[in-house]
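Written below as structure tokens is the structure these notes are about.
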Amino acid sequence: MTATTMHGPAIQQGTVPVHPERTEDPGTVLWRFGAGHGSTGPGWQDALDDAFAPLTSSAVVTCVTALPGAARVTLAPDLAWADHAAAVRDAAQRAATACAAGGPSDPEARRAALESAAREALETTVGPYAAGHGGGIDLLGVGPDTVTVRLTGTCHGCPAAALTVHARLESMIRRRAPWLDRVEVDGARPGLGFDRTA
């Protein structure tokens, strides 16, 4: 059986439309998000876990799985969607809104998601780019909203490296962790850290 839409129009709350779809399991519904959702990246599962904590601790929901642009939610056996769809929709909406606006509310979850995004950017793109110019970028520390790096080799002290490599790194991190406030360069003079308004 293919997934079908449970309700014709999107259920709108705030700015993110939510579309519930049936699955082959009558106890499981796939909640899809429209434009403006924050339901992507490593912080998405953390945001769902945080928003659904009251429903999972009260044994209404047994499983919440993050998918790109969606959340798969399973009710406890013998519970009806007619009784719990509104609460599940509200939790899914809170998770998407939190993720779009500022990521998970738990500081450790925010830090872990930010670290994952920073490591991926350094290992796959920005680190090799810096190495190709005889330099390097080391990850020194990650907070809930900030990343601290050190430029090494020819990148250390080079104004071009501080601007191009740093800006590239920050842009890549923000694709997965939009709540990033800034990337700080250890030992750099003031003004070389870019915040979200730069």
Could you tell me which numbered condition Ala117 fails, if it satisfies all but one of (1) under 16 Å from the mean Cα position of the chain (by Cα); (2) part of a helix (DSSP H, G or I); (3) assigned by TED's automatic domain parsing to the domain that holds Arg22; (4) not β-branched (Val, Ile, Thr)? (3)
Within the set of pairs 6 or more residues apart or between chains, which connect a residue that is under 18 Å from Leu114 (Cα atoms) and among the polar types (S, T, N, Q) inside the range 144-168 to a residue that is modelled with pLDDT of 90 or more and surrounded by fewer than 17 Cβ atoms within 10 Å (Cβ to Cβ) with Cβ atoms less than 6 Å apart? Thr148/Leu140; Thr148/Gly141
Among the residues of the range 171-182, are any assigned to a helix (DSSP H, G or I), farther than 24 Å from Asp50 by Cβ and modelled with pLDDT of 75 or more? yes
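Any residue that is modelled with pLDDT of 90 or more, surrounded by 13 or more Cβ atoms within 10 Å (Cβ to Cβ) and not assigned by TED's automatic domain parsing to the domain that holds Arg174 - is there at least one of those in the range 46-53? If you could, list the steps in order and put the result at the bottom.
Looking only at the range 46-53, we keep the residues that are modelled with pLDDT of 90 or more, and these are 52-53.
With surrounded by 13 or more Cβ atoms within 10 Å (Cβ to Cβ) added as a condition, the list becomes 52-53.
Now drop any that are not not assigned by TED's automatic domain parsing to the domain that holds Arg174, which leaves 52-53.
Yes, some residue in the range 46-53 is modelled with pLDDT of 90 or more, surrounded by 13 or more Cβ atoms within 10 Å (Cβ to Cβ) and not assigned by TED's automatic domain parsing to the domain that holds Arg174.
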Is it true that some residue in the range 75-85 is exposed (fewer than 15 other Cβ atoms within 10 Å of the Cβ), at pLDDT 90 or above, in a strand (DSSP E or B) and on the phi < 0 side of the Ramachandran plot? no
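Modelled with pLDDT under 85, touching a Gly at 6+ places or on another chain (Cβ under 9 Å) and not assigned by TED's automatic domain parsing to the domain that holds Asp46: which single residue out of Gly157, Gly153, Gly135, Gly127 fits that description? Reasoning before the result, please.
On the way: Gly153 fails: modelled with pLDDT under 85; Gly135 fails: modelled with pLDDT under 85; Gly127 fails: modelled with pLDDT under 85.
Sole residue among the options that is modelled with pLDDT under 85, touching a Gly at 6+ places or on another chain (Cβ under 9 Å) and not assigned by TED's automatic domain parsing to the domain that holds Asp46: Gly157.
The values are calculated or read from the model by the stated rules, or taken from the named source; none is laboratory data. These figures come from a predicted structure and were not determined experimentally. All Cβ positions, glycine included, derive from the backbone under ideal geometry; neighbour counts span all protein chains shown.
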